[in-house]
Amino acid sequence: MQVLLFIPFLALTVLLFAAVIRRLLGVPVGPGRTLVAAVLATLVLSPILAALAPPDPATVSTAEGTLLMLAAVCVSVLLAMAALVVLEVLLPSGTLPGPAEAWRAARRRVARTRRYSSIVRIALRHGLGRFLRGRPPAGPDSAAARRRLARSLRAALDEGGVTFVKVGQLLSTRRDLLPAEFIEELTALQDRAAPVPWTEISAVLDAELGDRAFAEIDPEPLAAASVAQVHAARLADGTAVVVKVRRPGIAAVVDRDLDILLRLAGTLEARTSWGRAFGARGLALGFAEALREELDFTVERDNLQTMAAALATTPERRVRVPTAYAELSTERVLVMGRLPGTPLGAAEPVLAGLDDERRQAVAAALLDSLLDQVLVHGVFHADLHPGNLLVEADGSLGMLDLGSVGRLDGVTRAAVGRLLAAVGRGDAVGASDALLDLADHGGDVDERDLQRALGVLLVRYAAPGSSAGVAAVTALLRTVADYGLGVPAAVAAVFRAFATVEGTLGLLRPGFDLLGAAREAGDRRLAEMFGPRNLPRTLEEELVTLLPMLRGLPRRIDRIGDAVENGRLRLNIRLFSDERDRRVVTGLIHQVLLTVIGATAGVMGILLLGTGGGPRISAGIGLFPLLGYGLLIISVVLVLRVLVVILRRD
């Protein structure tokens, strides 16, 4: 019976201690740590009470006993709180996961380790093992050596699977990061895969749409890629559609590989100067977000609807996208109208039926459409390679695969427009200002030197008669990298779109002058904007924007004048408005506090050790020496923490 009563009493005591400890500390502490501290306080309560009590307990009155009990409780709580603080120093909250989280983390770690070993084997098989050491060897010093290394890298990425193929495709657009040999090899990466058996595809369709969504569907795929495959089908009303189905299990594979890529990118940014300069983790995060969007077909469905609305404003260019059937589209299935036409890569017989003037007009219409998407609508197809374009016999064009779509805000669109206009005028100063607005930089760029470098590029590539489109983009991105400017992902997508579309335009009309056509399109846009027809509307829009500021300007000037006349003009400066400044000052204050607390604990420990007498915990152990040694240990720990911060060099 006593045991049955003791257990609830003990549990109640522990809970009371836990509540008191959390209240006194004043900071949120996990329940596990709080219970451990409460158990510790409960365990030491009895020894401390015995140490404080006189040798003959019978001489203790009720009042003295209450005071002794209260003192023992206070000491127990203080010891538990000190233990909790020491535990927080050694193992901060969140360091140790819970049991369920630890189990899931262990499973992820095992899967990640297996994938790491697979990646290492692929790298060794393709001769890339020497780059896996802690200090990689010097890069290839000749074009032939770079070509061999690029081929090995392409083969390794191809064998690595969908995520690494997508990484290679992304790197093939970053001419500011890689030499031309690597760009050429990585461009050849094909997003292909063996078809998934129809039974698995049918199971996905049944789970997402049911078995009555289509009147008929062809089990043989039209195309099979690493992310999805496409089947021809007909709706109940006979409408011809295509059905894009995500490959079963691909999301888990991509998540595992993206976890590895993000960890590697974080390591590169933390340990290498070039990783910090290029923002390796930011690039990896942008890539991961884009790839996850590509896996979610509701994003592509929305992109199709947005792009269709944008293209509808210029129907004379005869560029279309498939109609998305939103009611039949889910995260794993996308149903689109089937566009007529032939893929551009195999459309030479179709294009042969068009005369040279018509082919020039079709190519110019595609370029104009892309410029409209970038400069006007802010939503553009970022991957217009020949496989994503259909050509009809009359020259109409259809754009496919809008999973890869770039988006630009109004400020960025305006800066891109200024850059293109400055290039068209040969204005190095204007191009430099626009480029600085587009790029990420720390503010220490030599603008005069950048203007001279851009002037040389404009003379070389943007002069009338020049047709080096991709070379001009490559040279511009190299200049950006040389001056330490970071290219945001959205802006890089614009450069990628224009570099990719040049090859597509060359197939539509061999010898198509991308730069010349872009200059003409830019001049045409300026003429339209400031022409007699649109000039009143343009001035009206600008006036509407400026009018509120102009109306408020006299009142503000009057207030400033009145403040100056009466001596009430004050200048307020907000200190520590930057988060980085706050972090520095907070870190310094924390170090000072740790130093003061550590020194105070050391002095108190020495004083306690030098004080004689005091209550006894046992026959050979006194309370003051025990507290003194404890304070000395805390003092040494805190001082060492400060010294590590001071002496450590990144």
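Quick notes on this one:
- Count - residues of the stretch 203-217 that are surrounded by fewer than 15 Cβ atoms within 10 Å (Cβ to Cβ) and modelled with pLDDT of 75 or more: 6
- Residues that are without any contact (Cβ under 8 Å) to a residue 60 or more places away in the chain and surrounded by fewer than 16 Cβ atoms within 10 Å (Cβ to Cβ) do occur in the stretch 356-370.
- Any hit, the stretch 406-413, residues being assigned to a loop (DSSP other than H, G, I, E, B) and out of contact with any Gly (no Cβ under 9 Å at 6 or more places or on another chain): no
- Residue match in the stretch 298-309 (condition: within 20 Å of Gly378 (Cα to Cα), hydrophobic (A, V, I, L, M, F, W, C), crowded, with 22+ Cβ neighbours inside 10 Å and touching a strand residue (DSSP E or B) at 6+ places or on another chain (Cβ under 6 Å)): yes
- Among (1) without any contact (Cβ under 8 Å) to a residue 60 or more places away in the chain; (2) more than 30 Å from Glu200 (Cα to Cα); (3) among the acidic types (Asp, Glu), the one test that Asp302 misses: (2)
- Selected residue [outside the structural domain of Phe512 (by TED's automatic domain parsing), farther than 29 Å from Leu209 by Cα and crowded, with 18+ Cβ neighbours inside 10 Å] from Arg318, Arg332: Arg318
- When the stretch 401-452 is limited to residues that are hydrophobic (A, V, I, L, M, F, W, C) and farther than 25 Å from Ala521 by Cα, the one that is surrounded by the fewest Cβ atoms within 10 Å (Cβ to Cβ) turns out to be Val445.
- Residue count for the stretch 234-250, restricted to those that are without any contact (Cβ under 8 Å) to a residue 40 or more places away in the chain and surrounded by 19 or more Cβ atoms within 10 Å (Cβ to Cβ): 0
- Residue check, Ser76 at pLDDT 70 or above, surrounded by 11 or more Cβ atoms within 10 Å (Cβ to Cβ) and not aliphatic (A, V, I, L, M): yes
- Residue check, Pro54 over 17 Å from Leu626 (Cβ atoms), part of a loop (DSSP other than H, G, I, E, B) and at pLDDT 70 or above: yes
- Tabulated pairs, the stretch 174-188, first buried (at least 16 other Cβ atoms within 10 Å of the Cβ), second modelled with pLDDT under 70 and not in a helix (DSSP H, G or I), C-beta under 6 angstrom, 6+ apart or interchain: Ile183/Arg175
- Inclusion of Asp409 among residues that are in contact with a Phe, Trp or Tyr (Cβ under 8 Å, 6 or more places away or on another chain) and either closer than 18 Å to Leu370 by Cβ or of a type outside the set (A, V, I, L, M) (or both) is not warranted.
- Which listed residue is surrounded by 15 or more Cβ atoms within 10 Å (Cβ to Cβ), farther than 26 Å from Leu397 by Cα, among the charged types (D, E, K, R) and out of contact with any Lys or Arg (no Cβ under 8 Å at 6 or more places or on another chain), from Arg281, Arg271: Arg281
- Of all residues in the stretch 100-133, those satisfying the criterion of being under 26 Å from the mean Cα position of the chain (by Cα) and either modelled with pLDDT under 75 or not assigned by TED's automatic domain parsing to the domain that holds Leu153 (or both) are Glu101, Ala102, Phe131, Leu132.
Here is a yes/no grid of residues against (1) modelled with pLDDT under 80; (2) in contact with a strand residue (DSSP E or B) (Cβ under 8 Å, 6 or more places away or on another chain); (3) assigned by TED's automatic domain parsing to the domain that holds Leu367; (4) part of a helix (DSSP H, G or I):
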residue	(1), (2), (3), (4)
Arg525	yes, no, yes, yes
Thr545	yes, no, no, yes
Arg555	no, no, no, yes
Arg568	yes, no, no, no
Asn572	yes, no, no, no
Val592	no, no, no, yes
Ile597	no, no, no, yes
Gly605	no, no, no, yes
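- Lone qualifier among Val27, Val39, Val14 - being β-branched (Val, Ile, Thr), on the phi < 0 side of the Ramachandran plot, assigned to a helix (DSSP H, G or I) and at pLDDT below 70: Val14
- The residue that is modelled with the highest pLDDT, among those in the stretch 310-345 that are in contact with a Pro (Cβ under 9 Å, 6 or more places away or on another chain) and in a helix (DSSP H, G or I), is Leu344.
- Here the condition is being at pLDDT below 75, part of a helix (DSSP H, G or I), within 29 Å of Leu370 (Cα to Cα) and in the same structural domain as Leu367 (by TED's automatic domain parsing); of Gly506, Gly516, it holds for Gly516 alone.
The values are calculated or read from the model by the stated rules, or taken from the named source; none is laboratory data. Not measured: the values here are computed from a predicted model. Note that we place each Cβ from the backbone using ideal geometry, even for glycine, and neighbour counts take in every protein chain shown.
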